[in-house]
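Take a look at the structure below.
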Amino acid sequence: MSDGPLYLIAVIKPRMELAEVVVERLRFMRDATREEPGNIFMELVVGEDADTWLMLEKFASREAWDEHMTLSHVTEGNTFLADKLREPTELRFYTER
């Protein structure tokens, strides 16, 4: 990984019968993350496959993301979501070329 910005795509597969509570928690986590000094952007999006959602993220650095992962809105949110997803969230990391 480089020393520059860190890009992340989180692939989220909610249990669709719980979609409303999942989206509510993800929006809370997104909004709190946007207040972090190391966060550049975070967006929750859905495409043609409506039961798979993506969280598109950019952090100033890997260190900023590592710090993000220790914050209560993330740790508590991930615990809350654990049994509300069809499978664990897949994290895909990217850096600028």
Open item on the list: Need the full-extension length gain, VAL11 to ARG86, defined as separation in residues times 0.36 nm minus the C-alpha distance. One decimal, nm.
Closed with: 25.9 nm
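Taking 2.2 N^0.38 Å as the expected size of a compact globular protein, what ratio does the Cα radius of gyration of the stretch 25-64 give against it, to two decimals? Can you show the working numbers first?
Values: Rg = 11.3 Å, N = 40, 2.2 N^0.38 = 8.9 Å.
My calculation over the Cα atoms of the stretch 25-64 gives 1.27.
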Open item on the list: Just to check, using Stokes-Einstein with a Kirkwood Rh over alpha carbon pairs, what's the diffusion coefficient of the chain at 25 °C and 0.890 mPa s in µm²/s?
Closed with: 179
Task: CD proxy at 222 nm, helix term only [per DSSP H run n ≥ 4: -39500 (n - 2.57); per residue of the chain; nearest 500] - done: -10500 deg cm²/dmol
- [ ] May I ask for the angle, rounded to the nearest 10°, between helix 72-81 and the longest principal axis of the chain, with both axes built from Cα atoms and the value confined to 0 to 90°?
- [x] 30
Task: Additional length obtainable on full extension of the chain from ASP51 to ALA19, 0.36 nm per residue less Cα span - done: 10.6 nm
- [ ] Any chance you could run the full-extension gain for LEU71 through ARG34? It's 0.36 nm times the residue separation minus the Cα-Cα distance, nm to one decimal.
- [x] 12.1 nm
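Could you work out the relative contact order of the chain? I mean the mean sequence separation of Cα pairs under 8 Å and 6+ apart, divided by the number of residues, in percent.
Relative contact order for the chain comes out at 47 percent.
Bear in mind these aren't lab numbers, they're just calculated from the coordinates by the rules spelled out. All values reported here derive from a predicted model rather than from experimental measurement.
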